[in-house]
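Some notes on the structure that comes next.
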Ligand SMILES: [Zn+2]
């Protein structure tokens, strides 16, 4: 996810290179210890929890086949393999729409779809004639429903997060949230310093100096420190370098596979840290990802079409002087947002324009997704409709130029497509204390992951749309969860 172009959905986090310890610290992300208001307070029954530990590790863009069939790809991933053989896993996870990072990560810790939790996109929508700040949904206060860490905190459990999306000012005891200044090119990490738990980055990097200056190398070093120093009962970790590599080179490429192997080593270090901290026997690891990936080589700019149709007006300098409808791209999908959401005539017009385009031969669109389906998918309530890209296509927010063009040579993969597309499936492995060794599910649901994680900690996620994935959990290992809601006690 690139701040300057959401369509690219590129994530170029802090640059690598030889940096001073301070700069390394600056390049990390950040938070505080402010209490977050919750839409609904978790039940008092959650006050009693067990002595279980949970580490949720998200490898951004991890494809299930990287652990289901590593040999076929020539991958050497001893830790993923050990987790698979010694744990439980899903062959795929059906995610949410649009299948992008911030909405998906928020579903992973709330158990509800984007329309409910409120993080419907990575970047906040900005009217095309307004200043383009490129800001993302950084702040936890934008989440409208209870979170896993909020639940844990209310139960008195120590919580921590490293690089987890939408956790700036989250109620985490130890927090290094993901945030950067989109105006800084490249980002310096100043904002991470600003919002990280005071002193945490300095202590972590002093105790655990690393010459690995990749974003994930730093996040792993900080996570190791937090595990050993504080033993939080809940730790959320987000690793991002695979997503960047797959956007740049494409999924399953040599460059992407090299990053998977590097991240496999990070997993080994995180597991080793729990042994050193003396909590391995009580720790459950949940390895997850937020979306799959598809190769792309072409992009389509709906705003150019909207300008041709006079729904966007450009002045002599190519700046937007007026607009009625605009694109809000999310990689392989794109919301069309109206200036006036109640403008029925324009709604009908944009549906007609893009439905006709979708029917053309060699269309850049696979199809349009209309409001009734968006509601069922729990996607972007602000959208008049969404566009679903054809195979090989991504969306672009350009206002001028050709409607369809080739992607840049460093843009070869994306996501954001409908979760029903098999390529968009994400990952789930459960390893350690609560894993049902040898269990396997063909397809799990992303909305089920948060309630499952809560159950491992002895907490009940009263507000989740999903249910506990009992197939992957060792019978009897779940703590007695008070006051279960009978409607949600079993999988539908
Ligand atoms: Zn992602």
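Between helix 254-276 and the chain, what is the angle of the helix's C-alpha long axis to the longest principal axis, kept within 0 to 90° and rounded to the nearest 10?
30
Assuming R0 = 51 Å, can you tell me the calculated FRET efficiency for the pair residue 422 and residue 316, based on Cβ-Cβ distance, to the nearest 0.05?
0.65
Can you put 125, 461 in order, fewest other beta carbons within 10 Å first?
Arranged by neighbour count, lowest to highest, 125, 461 become 125, 461.
Compute the distance from the alpha-carbon center of region 370-403 to that of region 192-218, in whole Å.
One Cα centre to the other: 38 Å.
Got a sec? How would 434, 409 order by Cβ neighbour count within 10 Å, fewest to most?
409, 434
Calculate, in nm to one decimal, what residue 339 and residue 480 gain on full extension: separation in residues at 0.36 nm each, minus their alpha carbon distance.
45.7 nm
Can you tell me the FRET efficiency between residue 309 and residue 272 if r is taken as the Cβ-Cβ distance and R0 is 56 Å, rounded to the nearest 0.05?
Working: r = 58 Å, r/R0 = 1.04.
It comes to 0.45.
If you take the square roots of the eigenvalues of the alpha-carbon gyration tensor of the chain and sort them as a ≥ b ≥ c, do you get rounded (a/c under 1.5), prolate (a/b over b/c) or oblate? Could the numbers behind the result be given before it?
Values: a/c = 1.63, a/b = 1.46, b/c = 1.11.
Since a/c reaches 1.5 and a/b is larger than b/c, the shape of the chain is classed as prolate.
Among DSSP bridges having both ends in the chain, what percentage is antiparallel? Round to the nearest 5.
55
Tell me whether region 297-406 comes out rounded, prolate or oblate; compute the Cα gyration tensor, take square roots of the eigenvalues as a ≥ b ≥ c, and use a/c under 1.5 as the rounded threshold.
Oblate, since a/c reaches 1.5 and b/c is not below a/b.
Taking the Cα atoms only, what angle lies between the long axis of helix 215-230 and the longest principal axis of the chain, rounded to 10 degrees?
Approximately 30 degrees, to the nearest 10.
Output the 0 to 90 degree angle, nearest 10, between the alpha-carbon long axis of helix 344-359 and the longest principal axis computed from the alpha carbons of the chain.
90
Test of understanding: what is the full-extension gain from residue 281 to residue 362, defined as 0.36 nm times their sequence separation minus their Cα-Cα distance? Walk me through the numbers before you get to the answer.
On the way: separation 81, 0.36 × 81 = 29.16 nm, distance 5.53 nm.
This chain segment gains 23.6 nm when fully extended.
Can you give me the Cα centroid spacing of region 323-357 and region 79-112 in angstrom?
The two parts, judged by their Cα centres, are 31 Å apart.
222 nm [θ] for the chain, helices only, -39500 (n - 2.57) per DSSP H run of 4+, per residue, to 500?
Rounded to the nearest 500, the figure is -8500 deg cm²/dmol.
Kindly identify region 117-220 as rounded, prolate or oblate by the Cα gyration tensor criterion: order the square roots of the eigenvalues as a ≥ b ≥ c, call it rounded if a/c is under 1.5, otherwise compare a/b with b/c, prolate if a/b is larger, else oblate.
Numbers: a/c = 2.56, a/b = 1.16, b/c = 2.21.
It comes out oblate by the Cα gyration axes.
For each of 280, 180, count neighbouring Cβ atoms within 10 Å of the residue's Cβ, then give the residues from fewest to most.
280, 180
Only bridges with both residues in region 297-406 count here: give the DSSP antiparallel percent, nearest 5.
85
We did not get these values from a lab; they are worked out from the coordinates using the rules stated. All values reported here derive from a predicted model rather than from experimental measurement. Positions of Cβ are backbone-derived with ideal geometry, glycine not excepted, and every protein chain shown enters the neighbour counts.
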